[in-house]
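These notes concern the structure reproduced below.
The values are calculated or read from the model by the stated rules, or taken from the named source; none is laboratory data. Not measured: the values here are computed from a predicted model. Glycine gets a Cβ as well: all are built from the backbone with ideal geometry, and neighbour counts include every protein chain shown. Ligands, DNA and RNA are stripped out before the accessible areas are found, and what is left, the full protein with its side chains, is counted by its heavy atoms. Shrake-Rupley method; radii C 1.70, N 1.55, O 1.52, S 1.80 Å.
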Amino acid sequence: MDLSKMAVSINKAINTQEVAVKEKHARTCILGTHHEKGAHTFWAAVNRLPLSSNAVLCWKFCHVFHKLLRDGHPNVIKDSMRNKADLADMSRMWGHLSEGYGRLCSIYLKLLITKMEFHIKNPRFPGNLQMSNRQLDEAGENDVNNFFQLTVEMFDYLECELNLFLGVFNSLDMSRSVSVTAAGQCRLAPLIQVILDCSHLYDYTVKLLFKLHSCLPADTLQGHRDRFQEQFKKLKSLFYRSSNLQYFKRLIQIPQLPENPPNFLRASALSEHISPVVVIPAESSSPESEHVVETEDLVDTDVPSLPAPSEVKFDDLFGTSAAIDPFNFNSQNGMRKDKDRLIEQLTREIQALKEELESFRLESGRLCQALRGRVNELEAELAEQSHLRLQAAGESEFLKAELDDLRRAREDTEKEQRSLTEIERKAQANEQRYTKLKEKYTELVQSHAELLRKNAEVTRQMTVARAAQDEVEEVRREMQEKVKSAQEAADRQEREQVKQLQELQRELVSNQTELDSLKTTMASSQQSSEVLGTQLVALESEKAELVQTLSKVEAELAVQGEELQRVQSSLATERESGVKTAEALQNQLNEKESREQALESQLVAARWSSLQGAVEEAERIIQDSLAQIDDPAHISCTSSADYLASRCQASLVSVERLQSVREAFLADNTAVLELVRVVTQCGHLVGDTIVQGSATSHMIPVEQADALSESVKTCGSDALALLGQMKQRDGLAAADGSKLRASLEAILTTAEKLRPRGLELQQGELGDLVEQEMAATSAAVESAAARIEEMLNKSRAVDTGIKMEVNERILASCTELMQAIKELILSSKDLQKDIVESGRGAASMKEFYAKNSRWTEGLISASKAVGWGATVMVDAADMVVQGKGKFEELMVCSHEIAASTAQLVAASKVKADKDSANLHRLQQASRGVTQATAAVVASTKSGKSQIEDTETMDFSSMTLTQIKRQEMDAQVLVLELETRLQKERERLGELRKKHYELAGVAEGWGEEEEGDD
């Protein structure tokens, strides 16, 4: 077979459609495992499937995997054990869901893990559990301890099967015809495998319990019988409900269990047991694989006609001479005899041919009827194929529509992918643009700073230029003032000269006579006026120079002003462009900051929503745990105080960590991932503590159970209150886990009080206690043997006749029993030494005993029981010999000693090597104890019958009234004894139940099941 075809069939069988797995795909997977001789291809294909994200996918995987475990190659179980841890994790993950396929997947995965572990521990059992009685006996190796352990494992196996049965039925709405819907058939289909497993497990459990009851006392197996009766009621009810469903009627014939469970206390009831047989109708082959049966294949048309052989024989017998010479009368007498003989022979042949013809007719009728049945089958198959074709066409249309949807979804996905790529490209381009703008902004800032420096320099230069201009203005004003003062002085001198000229003219006119005398004065005045004129010319030239200098300064100032205006205009332009660029960059920076603030707010909201989701998930887990406490199905769950204490300690550590992580989150709200992880872990641990606390309360007295249940409920309410505070922003800082811590510490204190007392022993004390108990048992047996010998000597000296014979026989059998017990204890000691030497390694004997405390406590308990039984039996024998005791007490003591020695043998053998010589000695000593116990019971019964026979009743001297009186007294006594017998039987049953419960609590029997509960 092509492995790729197997992979395709696996993917077709395990899909997300809520329909039953098609048989042809499952059959291809099974044939593939036989072709491959393993399950590597199956697991390679399954590991690529998202089993943890889709419950329907996981459910169909479990169905196909169950078929492979049953009908696949034997190596499938070995190859699948590598994935046991993954399956266990997946079971725990789906177990958090309280309804739907998630809960069913968790139960189914637990069943598959249990099935794999059972077949690994018991490799003689095939995957389909089909075994003969001889193979079942060989699986137990004819050892009662192996049968005992095998029965317990089958109980656990059957319990997982029944849990899946109940889970599927509880998930369906039985008020509607769910078995004809695709969704209902998807859930009901795996139950066919469960029914097949349950029928075999029930049959083997009944046979093993009958075998155990033939080897062990009935009291020892009381717990087995109770557990079997509980599972019998469930299995009978489930078989009855399944047989009424329309879906199973055409696929499987479900057997019906008997009205009452088998009576294991009566050995003959085994012959009344009928093994339940599940019948699966033969599947019709596909039309394309059938061969057309022609009529010639059924009827041989070459068979010759019937008359032909007779004709041939007639010719052979009569020959041709009679036809040639019919009138030969000389030979008629001889021929008459031949003819009579031939007629008789022919008559016989005709009768044989008639019978053959009748057989041919019957055979042809049967073949015709078979052909009609075949025709009817083919017509039914044709109708079924037509229906399948229509269904396939519908499925094809559905698949086409689904393919179109997938194509549209793929196109949408591609569009979204392209849009996402475009958005990423734009984001990258925006990021590059932002980087460039940031660089440009940096350059602009630098250029702006440079321009500011230039502006400051220009301003400084302008200040210097303005200062120089002010100086020039001041000089010009001074020059103007000087020029003005010089002009005023010249004007004033001119006016004075004019006045003088006028005076001179007046004097010239008036004093003509003084002209001559004044000529000299006038000449001197002319000279002085020439000097003044020369000075005036010099002042004019100086004034022209000053005006020229002033014009130069003004030209320079104008040039500098133009340069200043040009620089100021360019500076203003650059400043405006820089301001605009800075404003644009500032706007982009503000937008980026607002976008970052929005993202930051979204991130904070996402952190808080994730925290709220974790808190809500933790609340749901704790609420589910509190709901399981009130669930009636949870009453059968049990746990131990040790496991409860470990869960409480883990919960306390988680609460402390939750407080520290919460404080860290308040200081830095980015550390939300650790807080989410711790909140989820704390919810799981506290919920597990609640469930284990409730399961532990089912194993303790009522008062302590009520107190523990109240503490568990208080713990749940405190945890919900703490999580409720953590859901609110304001209450997160004020959340206090002190109440929850106090509740967990109260549960831990209660669990410590409920722990078995044997766990409180130190290592040295436990090892010493084993030696002390074994020595005390040996001493008790020696003392009992000595006392029996002493009682035998006293009886020989005092008693005579039948009483002495009875006492001697009873005491002799008790002596043989004590010798057998002594041999058993010595063999047990030697075997324990071998076990300790082979198992302790480099550790000491005391450390080995402490490491295997449960086994050590079993040895101590068994040794105590043997010593106590020997002492009690000697006391009972002493009372019987003295005539004060009862024979029944001695028989009961013998049975108790047998049970105690069986417990000691079982405790010694549990860690022994099966090839050990001391183990064989122990088994021989155990058989000797059993025989000696039977001898004590037989001698006691025979002695009792002899003593009672000697006490003959003589009513000859009684009158009618006295006999009537005695008869009434006897009837009253019989009624009283019957009432007392009934009460004592009820009391004995209650005492055995209480002893079984206390022994389980004291020795930690429930710890092995704590993982399942």
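What is the packing order of peptides 3-14, 975-986, 564-575, taking the mean over residues of other C-beta atoms within 10 Å and listing the highest first? Working shown, then result.
Numbers: 3-14: 17.7, 975-986: 10.2, 564-575: 12.9.
Going by the mean number of other Cβ atoms within 10 Å, highest first, we get 3-14, 564-575, 975-986.
Using per-residue counts of other Cβ atoms within 10 Å, averaged over each peptide, order 242-248, 931-937, 988-994 from highest down. Write out the running numbers ahead of the final one.
Values: 242-248: 16.7, 931-937: 20.3, 988-994: 11.7.
Ranking the peptides 242-248, 931-937, 988-994 by packing returns 931-937, 242-248, 988-994.
Above 15 angstrom, tally the Cα pairs of region 959-998 and express them as a % of all pairs, no decimals.
Details: 458 of 780 pairs.
Percent of Cα pairs beyond 15 Å in region 959-998: 59.
Using a 1.4 Å probe and ignoring any ligands, DNA or RNA, find the accessible area of T435 and quote it in Å² to the nearest 10.
Approximately 60 Å² of T435 is accessible to the 1.4 Å probe.
Please give the FRET efficiency for D969 paired with T930, using the beta carbon to beta carbon distance and R0 = 51 Å, rounded to the nearest 0.05.
Details: r = 42 Å, r/R0 = 0.83.
The formula returns an efficiency of 0.75 here.
Could you calculate the contour length gain from E431 to S171, that is, 0.36 nm times the residue separation minus the distance between their Cα atoms, to one decimal place in nm?
Net length gain for the segment: 88.0 nm.
Set the Förster radius R0 to 60 Å, insert the Cβ-Cβ distance between H273 and R407 as r into 1/(1 + (r/R0)^6), and round the FRET efficiency to 0.05.
Details: r = 61 Å, r/R0 = 1.02.
Efficiency, rounded to the nearest 0.05: 0.45.
In what sequence, highest mean first, do 262-268, 184-190, 675-681 appear when ranked by Cβ atoms within 10 angstrom? Walk me through the numbers before you get to the answer.
Numbers: 262-268: 13.3, 184-190: 21.3, 675-681: 19.7.
Descending mean neighbour count gives 184-190, 675-681, 262-268.
Obtain the nm distance between the two label points defined at E703 and V375 by a simple spin-label model: each point lies 7 Å from its Cα along the Cα-to-C-beta direction.
8.5
Carbon and sulfur together cover what percent of the accessible area of region 959-998 at a 1.4 Å probe radius?
Using a 1.4 Å probe with all protein chains present, region 959-998 comes out at 59 percent carbon and sulfur.
Please compute the length gained on full extension between T534 and Y240, using 0.36 nm multiplied by the number of residues separating them and subtracting their Cα-Cα distance.
Values: separation 294, 0.36 × 294 = 105.84 nm, distance 15.64 nm.
So the chain would gain 90.2 nm between T534 and Y240.
To one decimal place, what orientation-averaged projected area in nm² is obtained for the convex hull of the Cα set of region 86-160?
Working: hull surface 22.6 nm².
The number I arrive at for region 86-160 is 5.7 nm².
Between D875 and N455, what is the spin-label point distance in nm, taking each point 7 Å from the Cα along the Cα→C-beta axis?
Each label point lies 7 Å from its Cα, and together they span 11.7 nm.
May I ask you to give the solvent-accessible area per residue for region 602-754, in square angstrom, as obtained with a 1.4 angstrom probe? Spell out each step's value before the answer.
Values: 6850 Å² over 153 residues.
Solvent-accessible surface per residue comes out at 45 Å².
Give me the net charge of V76's neighbourhood, meaning all other residues with Cβ under 12 Å from the Cβ of V76; Lys, Arg count +1, Asp, Glu -1. Mind dumping the intermediate values first?
Numbers: positive: K37, K67, R70, K78, R82, K115; negative: E36, D71, D79.
Here the count lands on +3.
Need one word for region 348-410: rounded, prolate or oblate. Basis is the Cα gyration tensor (sqrt eigenvalues a ≥ b ≥ c); a/c below 1.5 gives rounded, then a/b vs b/c decides.
Details: a/c = 15.43, a/b = 8.22, b/c = 1.88.
It is prolate, given that a/c is not under 1.5 and a/b is the larger ratio.
Over all directions, the average projected area of the alpha-carbon convex hull for region 602-754 comes to how many nm²?
Numbers: hull surface 33.3 nm².
With every direction weighted equally, the projected area is 8.3 nm².
Say the cut-off is 18 Å between C-alpha atoms; which of K115/K236; K22/K67; K121/K914 go over it?
Values: K115/K236 22 Å; K22/K67 12 Å; K121/K914 16 Å.
Long pairs (Cα-Cα over 18 Å): K115/K236.
Assuming a ≥ b ≥ c are the square roots of the Cα gyration tensor eigenvalues, decide whether region 150-212 counts as rounded (a/c under 1.5), prolate (otherwise, with a/b larger than b/c) or oblate. Intermediate results must be reported in sequence, preceding the final value.
On the way: a/c = 3.48, a/b = 2.92, b/c = 1.19.
Cα axes put region 150-212 in the prolate bin.
In cubic angstrom, how much convex hull volume per residue do the alpha carbon atoms of region 126-279 span? Present the calculation step by step, with values, prior to reporting the outcome.
On the way: hull volume 17.3 nm³, N = 154.
Once divided by residue count, the hull of region 126-279 is 112 Å³.
Ignoring ligands, DNA and RNA, please state the percent of accessible area on region 42-138 from carbon and sulfur, probe 1.4 Å. Don't skip to the answer; put the middle values down first.
Numbers: 2000 of 4100 Å².
Carbon and sulfur together cover 49 percent of it.
Over region 1-121, give the accessible area per residue in Å² for a 1.4 Å probe, as an integer.
Using a 1.4 Å probe on heavy atoms only, each residue of region 1-121 averages 43 Å².
Note down the relative contact order for region 602-754 as a percent, whole number, built from C-alpha pairs under 8 angstrom at least six residues apart. Let's see the in-between values first.
On the way: 184 pairs, mean separation 53.9, N = 153.
With pairs under 8 Å counted, the relative contact order is 35 percent.
If R₀ is 30 angstrom, what is the calculated FRET efficiency for the pair R477 and Q568, using the beta carbon separation as r and rounding to 0.05? Show your work: numbers first, answer last.
Numbers: r = 28 Å, r/R0 = 0.92.
Plugging the Cβ-Cβ distance into 1/(1 + (r/R0)^6) gives 0.60.
Taking Cα pairs under 8 Å and at least six residues apart, what relative contact order does region 1-121 come out at, in percent? Display every interim value, and only then the final one.
Working: 137 pairs, mean separation 30.1, N = 121.
Here the relative contact order equals 25 percent.
State whether region 1-121 is rounded, prolate or oblate according to the following rule on the C-alpha gyration tensor (a ≥ b ≥ c being the square roots of its eigenvalues): a/c under 1.5 gives rounded; otherwise a/b larger than b/c gives prolate, and the remaining case gives oblate. Don't skip to the end; give the middle numbers.
Numbers: a/c = 1.94, a/b = 1.27, b/c = 1.53.
It is oblate, given that a/c is not under 1.5 and a/b is not larger than b/c.
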